[in-house]
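Worksheet: the structure to be examined is printed underneath.
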Amino acid sequence: MSNVYPPPEEFAKKAHVPSMDAYRELYRRAEQNPEAFWAEVAEREIHWFEKWSKVLEWDAPFAKWFVGAKTNISYNCLDRHITTHRKNKVAILWEGEPGEQRALTYLELHRLVCRFANVLQSRGYKAGDRAIIYMPMIPELPIAMLACTRLGIIHSVVFGGFSAEALKARIQDLGATVVITADGSYRRGKEVKLKAAVDEAVPECPTIQDVIVYQRTGSDTPMQIGRDHWWHELDANATEDCPALPLDSEHPMFVLYTSGTTGKPKGILHTTGGYITQVTAGMKWIFDLRDEDTYWCSADIGWITGHSYIVYGPLSAGTTSVMYEGSLDFPQFDRWWRIVEKYRVNVMYTSPTAIRALIRQGEHWPNAHDLSSLRLLGSVGEPINPAAWEWYHTVIGKSRCPIVDTWWQTENGSILITPLPGATPLKPGSATFPIPGIIPDIVDFNGNPVGPDREGYLIMRRPWPSMARTIWGDPERFKEQYWNKFPGSYFTGDAARRDADGYFWVLGRVDDVMNVSGHRLSTMEVESALVRHPAVAEAAVVGKPHEITGQAVCCFVTLKRGEWNHDELGKELRQWVAKEIGGFARPEEIRFSDALPKTRSGKIMRRLLREIVTTNTVAGDVTTLEDMSVVTRLAAQQDED
């Protein structure tokens, strides 16, 4: 039985939701009349140019929230604050990896966003156009995002660690007409050349008209006349007056690509009014924000966590959001704790992967710094194991900071299951309870609810405002992937159980998606990259438990006929995958095999491979296996290794 940690009494007294009774009352109201509940939240938290005629239009699985209303996310993040005491409050507090610092107030951020929005308008871009943003973790990234939302330009932020191939696929799928990028960024003291990747990707993307380049590193950067433009040169002629466009509540806001169980990444589409309503409310419920707080989410903006909890949520809620460009271990493993100490960070939100990496380095790094400003900690990206939770709580939080262990996905838009820090008694490793308005359940294969402490599929019974509206260009895939398995309910793809006290314990993916250092990565995407190599005939990829990254990529490969040096080819294939997808996808292991375990219909049984890499045995059902000797040989190979 795990320990239970009640909220600290002093914390609970001042919290937005100060007790379990207060939580239950909120939850009851939302459950009994969800439309009235969300209408009240929307009216309280968001500025609307025009009110809605209907709160929810639900034609399962397609939702419209706040139908007919008009708002603008850039306006909610900026304009409404600059007429208040927040106008000269710091909005973004940024530190570059080399050590530079910038503090942008809400007024200054508004000015810079208006200027860049006018740059985009001067190039002819308008509402409904699509922009790819491929930038480092610098303030110009949120500036570009907010400029797009100001004008109704649909943006897709591509993680700066992705390769040219991955970038190209996203540009092509979105039909983007402009890429906003930088010459490079800094990572562990070295320059990562982003513009070079754009130059490699764009020639096969005929829709691209402009590439706008921010000068971050100052390194030599070839520019193609007519297509490429320096940000600072365009900005020199921009004016600072750019009213935010009133947009329909369901206007497409951003598309964020996430791995699926096929080789093609899914473009998850989020819209405007429902998204900003739930993200803003959640900032206050979950992170218990106070006006004086300095808040830091350590994620990359290229992922949904960065969208919702570095940019849109914090700025809409009027807080000070810390951004850091580089790696947690550069120049050494106390970089994060230096940042917490320097900026007196009050709320810190990070991933179990990062926590495990820091645990491995020892307590002396955080203990060398004053972390007394911290009052709340958060975890995101995957279930946090209880040992890592305890370390985070005792070493970083000094046993006085509640931890909000949050569960949600790119498709959800915002956090769905989480403790509320002033209300929820915490159990290490449990995401605890759903936020008000969210109705989860755990069911068996036939959709029947399972009892306490029984594992099953995690589903959502009702729509919520920040939910994804569709997959870009593929509504049938949206229905098939998320809604057809349990008709009328959203299938998360995760396994979970609920204990006797009603706490939710999320157990991880039930499909073929790996979670590597908090990044969702499709097994099919890695397999597709491997079989593009001239030596590879077939590949099967599974996630293998890893102490630091959560899961590591393990590849089983059969080769085409020929004389191959397995050691050299293994190194080459690891590098090949890194080039095709990104360095974070580099396989930890490449295992060569004469054959792969398949069913009689020819389907590779990855489940058996997962058993081999995790337990060295195969205990599951093998009745559909075509040739058991293949599994026996692979298990023997594992033993030899």
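Throughout, read-outs are computed from the coordinates displayed, never taken from laboratory work. Model, not experiment: these values are computed from the prediction. All Cβ positions, glycine included, derive from the backbone under ideal geometry; neighbour counts span all protein chains shown.
Tabulated data for the structure shown
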| read-out | value |
| --- | --- |
| The chain, Rg to Rh (Cα coordinates; Rh as Kirkwood inverse mean 1/r) | 0.95 |
| Relative packing of 563-574, 548-559, which averages over residues the other C-beta atoms within 10 Å, highest first | 548-559, 563-574 |
| Neighbourhood net charge (11 Å Cβ-Cβ; Lys/Arg +1, Asp/Glu -1) for Ile359 | -1 |
| Within segment 378-408, backbone nitrogen closer than 18 Å to the virtual label 7 Å beyond the Cα of His364 toward Cβ | 395-396 |
| Test item: Cα-centred dipole of segment 328-401, Lys/Arg +1 and Asp/Glu -1 on Cβ, debye | 200 debye |
| In Hz, Karplus ³J(HN,Hα) per residue of segment 43-51 (6.51, -1.76, 1.60; θ = phi - 60°; x = Gly, Pro) | 5, 6, 9, 10, 8, 10, 6, 9, 6 |
| Rough spin-label spacing in nm, given labels placed 7 Å along Cα→Cβ, for Val531 and Arg28 | 5.6 nm |
| Per-residue [θ]222 nm for the chain (sum of -39500 (n - 2.57) over DSSP H runs n ≥ 4, rounded to 500) | -8500 deg cm²/dmol |
| Candidate aspartates and glutamates - alpha carbon under 13 Å from Lys64, same-chain residues fewer than 8 apart omitted | Glu35, Asp248, Glu250 |
| Whichever aspartates and glutamates have a C-alpha closer than 15 Å to that of Lys427, once near sequence neighbours (fewer than 8 apart) are set aside | Glu390, Asp405, Asp453, Asp499, Asp501 |
| Where no second cysteine Cβ lies under 4.7 Å, the cysteines concerned in the chain | Cys77, Cys148, Cys205, Cys297, Cys401, Cys554, Cys555 |
| Ordering of 178-188, 364-374 by burial proxy (mean other Cβ atoms within 10 Å per residue, highest first) | 178-188, 364-374 |
| Karplus-derived 3J(HN,Hα), 6.51/-1.76/1.60, for each residue of segment 282-298, Hz, glycine and proline x | x, 4, 7, 5, 8, 9, 6, 5, 10, 4, 8, 6, 10, 10, 9, 9, 8 |
| Segment Leu507-Ile548, length gained on full extension (0.36 nm per residue, minus Cα span) | 13.0 nm |
| Local net charge near Val531, Cβ-Cβ under 12 Å (Lys/Arg +1, Asp/Glu -1) | -2 |
| Simple spin-label estimate for Asn448 and Lys126 in nanometres, 7 Å along Cα-Cβ | 5.8 nm |
| Placed amide H near Val192: partners under 5 Å, 5+ positions off or other chain | Ser185, Tyr186, Arg187 |
| Under-5 Å amide H pairs with Arg591, H placed in peptide plane, nonlocal only | Cys555, Phe556, Val557 |
